[in-house]
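The values are calculated or read from the model by the stated rules, or taken from the named source; none is laboratory data. Everything quoted here is computed from the prediction, not taken from an experiment. In this analysis, Cβ positions are derived from the backbone assuming ideal geometry, glycine residues included, and neighbour counts consider all displayed protein chains. Please note that ligands, DNA and RNA were not included when accessible areas were found on the heavy atoms of the full protein model with its side chains. Shrake-Rupley method; radii C 1.70, N 1.55, O 1.52, S 1.80 Å.
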Amino acid sequence: MTRAPATAKLNLALVVGRLRDNGKHELTTVYQRLDLADRVAVSPAPRLRVTGFAEDTLVSGALERLAETVGVPPRWEARLTKRIPVAAGLGGGSSDAATALRLANETLEKPLRAARLRKLAADLGADVPFFLTKGPQLGEGDGTALTPLDLPQDYWVILVLPRTTKPSSGAVYAAFDERDGGKGYRSRRAALKRALGEVARARDLAELPPNDLASSPLADELLEAGAFRADVTGAGPVVYGLFQQLDNAREARALLKARGRTWLTVPAWYG
C-alpha cells in the first residue's frame, strides 16, 4: 500500500467573473498549498473500495474515471484519514481525489503521462489539477489552466472555521450572480496580476485583492490580531490570517478559539 499526504489549499486571491455558456464561472485565483493534510493510501484490490470517510464520492469517482480511461477494472482500495474539514473552502476532497489518482496511476502497468493525468483531473473538478502540481499556481479559466508562481513561503497561517451554518458553494455562487458580482471582472483580474507582479516578500501578499465570493468579520478580527492579510478561502466558510511571527500567530489563535475550530499551519510546496 502506497501512502501520501493530501494537502489543503488556500485561495490567496479569488477574482470571479460571470457565468459562462458551459455553466462554469470565469475566474482567476492564486492557489497555495498548506501543511494541513489528509492522508491517502492506495493499493491494488479485488474491487474498488474507499474506507475512512463514508461520505466520499470524489475519490471513488476519480478511480473509476482512471480505470475507464486506461481500460481496466477499478480494482483499488483507498484508505482516507481526514484532517482537513469538509466543505470548508480548503479543497480537501479535491486533494484526496488528486492524490488517490496519482497513487493509483503509479500501480498501472502503463501509467498515464502527467499531461493526460492532469486532463483527467480537470474533468473531475476545478481544484483537482492543482493538487497534481508543485508550488503556488495561478489558476485561470475555470481554475484548471495553471501557471506556476514564485511566491514567498515564509509565513504562518491561522485558519478559523466559524461555528455557523455554511451555505453550499452553489448557493454562494448563486448569490454572487444575483448581485451581478461578475461585473468589472477584467479590471479586477488585471489588478490581481499587477499585484502579483509586485510581490517580493510575504507582507506584499496583503496587496492582493479580496475574495469576490465571500467575506467575513473574522478577517477583520485576524487583522486586528496582527495578521498582514486575512480573507475567506474559496467559497468559505474558513477564514485565514497570514502572520510573519509565530508568537503573534499563536496569540491570534488563542483569541479566535472562541469563534470556532482553529489550526496553526504553514505553506507547503508539495503533497
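Annotations for the structure displayed:
- Ordered by 1.4 Å accessible area with all protein chains kept, Tyr155, Tyr173, Tyr270 run largest first as Tyr270, Tyr173, Tyr155.
- Taking each DSSP H run with n ≥ 4 as -39500 (n - 2.57) and averaging over every residue of the chain yields -9000 deg cm²/dmol at 222 nm.
- Degrees, to the nearest 10: 185-197 long Cα axis against longest axis of the chain: 90
- Look at the alpha carbon pairs under 8 Å that are at least 6 residues apart: their mean separation over the length of the range 132-271 gives a relative contact order of 37 percent.
- Dipole of the chain, positive end: most advanced residue of Ile158, Gly241, Pro129 [Cβ charges, Cα centre]: Pro129
- Most mobile of Phe130, Phe243, Phe176 in a GNM of the chain (Cα contacts under 10 Å): Phe176
- Take every pair of alpha-carbon atoms less than 8 Å apart whose residues are at least six positions apart; their mean separation over the length of the chain yields a relative contact order of 25 percent.
- Relative contact order for the range 104-161, counting Cα pairs under 8 Å that sit 6 or more residues apart, in percent: 20
- Three-way shape label, the range 176-270, alpha-carbon gyration tensor, a/c 1.5: oblate
- Peptides 157-166, 222-231 ranked from most to least packed give 222-231, 157-166, packing being the mean of other C-beta atoms within 10 angstrom over each peptide's residues.
- Helix 169-178 vs. the chain, principal-axis angle (Cα, 0 to 90°, nearest 10): 50
- GNM top mover of Gly184, Gly125, Gly23 - the chain, alpha-carbon springs below 10 Å: Gly23
- Heavy atoms of Lys257: accessible area, 1.4 Å probe, square angstrom to 10: 110
- If only the Cβ of Lys and Arg carry +1 and only the Cβ of Asp and Glu carry -1, the dipole of the chain around its Cα centre is close to 480 debye.
- Per-peptide average of other Cβ atoms within 10 Å, ordering 58-64, 11-17, 82-88 highest first: 11-17, 58-64, 82-88
- Neighbour net charge for Tyr185 - beta-carbon separation under 14 angstrom, K R +1, D E -1: +3
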